[in-house]
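In what follows, a single structure is set out as structure tokens and then discussed.
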Amino acid sequence: MKLIKILGALLISSTIAFNSYAQENDPAELYAVIETEHGTLEFLLYKSVAPITVTNFVNLVTRGYYDGLTFHRVIDDFMAQGGDPFGDGTGGPGYNFEDEIRMRHNQDGILSMANSGPDTNGSQFFITHVATPHLNSLHTVFGKIHSGRELIRQISRDDAIISITIEGNARTFLERRADRVYQWNEILDERFPNLKEALID
């Protein structure tokens, strides 16, 4: 029995390691490029681990939702939070979606969803300054820093998110969950009529 448990643990560890390797080396990966007042941050998006979260984020990005918003909440040695259209921590896209809590806040440069409780994800996200293990069971991690790590701590409260763009085949990725994207876009079109046209229709 003890041997079975050990073999089971090794199998799980190997699977996690393989999935992590595949995530890092998949040539079809998606990256989010965030232009800030201090320079460019690039994040690998965990599209396989948090597919709904990444779908939502990519859709918002391609519609220009984040462009011109701010990092409205910055706490030294903790994180920088942005993505609120109201700029005060109370805003969102007009809908919520479910958590996908699988990855850990185990380093600086983790990209994670802000929320007000279980399954209340919208558009606000944060970038960690340090490992924040107390958030591991509370927030959905959907990416990590790929380049520009040295700029994270330079972000100050009310700094602008100049723009966010996606590198990779965003259209094909969004088409995999077209029904959800259509539902979200109906709400976005009503609440934010000046957004860019949807990438898929």
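Rule-based calculations on the coordinates, nothing more; no lab input. Since we're looking at a predicted model, the values are computed, not measured. With ideal geometry, Cβ positions are generated from the backbone for all residues, glycine too; neighbour counts draw on all protein chains shown.
Laid out as a table, the results:
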quantity	calculated
Using alpha carbons only: equivalent-ellipsoid semi-axes of the chain, gyration tensor based, whole Å	28, 21, 16
Magnitude of the charge dipole, the chain, Cβ model with Lys/Arg +1 and Asp/Glu -1, debye to 20	820 debye
Cα-projected label distance for Asn169 with Leu138, points at 7 Å along beta-carbon direction, nm	3.9 nm
Per-residue ³J(HN,Hα) for the range 54-71, Karplus 6.51 cos²θ - 1.76 cosθ + 1.60, θ = phi - 60°, Hz, x for Gly and Pro	5, 4, 4, 4, 4, 4, 4, 4, 5, 8, x, 4, 7, 5, x, 6, 10, 8
Alpha carbon centroid spacing (whole Å) that separates the range 156-190 from the range 59-77	12 Å
Backbone HN-Hα couplings from phi across the range 186-196 [Karplus 6.51/-1.76/1.60, Hz, Gly and Pro as x]	4, 5, 4, 4, 6, 7, 10, x, 9, 5, 5
Cut-off of 10 Å, at most 12 other beta carbons, DSSP loop: longest stretch of the chain lacking such GluC sites (Glu not before Pro)	99-196
For Gly91, residues with placed amide H under 5 Å, excluding near neighbours	Phe86
Ile161 long-range amide H proximity, modeled H, under 5 Å	Gly68, Leu69, Thr70, Phe71
Pair-distance profile P(r), taking every C-alpha pair of the range 156-201, with 10 angstrom steps and integer %	22, 42, 29, 7
